[in-house]
Amino acid sequence: MIRTGLPEKQGLYDPKHESDACGIGFIANIDNKPSHQMIEDAITILCRLEHRGGRGSDPSTGDGAGIMMQIPDELYRKTWNELLPKQGEYAVGMLFLPQNERFKKQGRRDC
């Protein structure tokens, strides 16, 4: 057996399906138990996708790739408990505002 650094065949995973290609990576815990290992695995997938489907044509601006994960409701409630609806009834977004103060103010006003 040739050692590739990939895990052995198990469950739904088979290393013969690994290849370099555009697209996405997907990982999930079928037991619905959050863990830091899930984040580490997602970052590993992201790093192995050299050319992702969302990659932009301008190499100086990046491709906006990232990971989607479960909302850490317990953590948010420590700070914003009185402002949050019930768990599962809200969403979280991340915005990248321009560094130019005039455009940053405009972006905040438009939100």
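The values are calculated or read from the model by the stated rules, or taken from the named source; none is laboratory data. Predicted, not measured: the structure shown is a model, and the values here were computed from it. Methodologically, a virtual Cβ is constructed for each residue, glycine included, from the backbone with ideal geometry; neighbour enumeration extends over all protein chains shown.
Brief remarks on what is shown
- Some residue of region 49-61 being of a type in the set (A, V, I, L, M) and either at pLDDT 80 or above or exposed (fewer than 10 other Cβ atoms within 10 Å of the Cβ) (or both): no
- Apart from one condition, E40 fits all of (1) at pLDDT 90 or above; (2) in a loop (DSSP other than H, G, I, E, B); the exception is (2).
- Applying the criterion of being at pLDDT below 80 and under 25 Å from I43 (Cβ atoms) to the residues of region 70-111, the residue that is farthest from the chain's Cα centre (by Cα) is L97.
- When region 14-36 is filtered for residues that are surrounded by fewer than 11 Cβ atoms within 10 Å (Cβ to Cβ) and either at pLDDT below 80 or within 24 Å of I71 (Cβ to Cβ) (or both), the ones remaining, listed by number, are S19, D20, A21, F26, A28, I30, D31, N32, K33, S35, H36.
- Cβ pairs under 6 Å, 6+ apart, first in region 73-93 and on the phi > 0 side of the Ramachandran plot and in contact (Cβ under 8 Å) with a residue 24 or more places away in the chain, second exposed (fewer than 10 other Cβ atoms within 10 Å of the Cβ) and of a type outside the set (A, V, I, L, M, F, W, C): none
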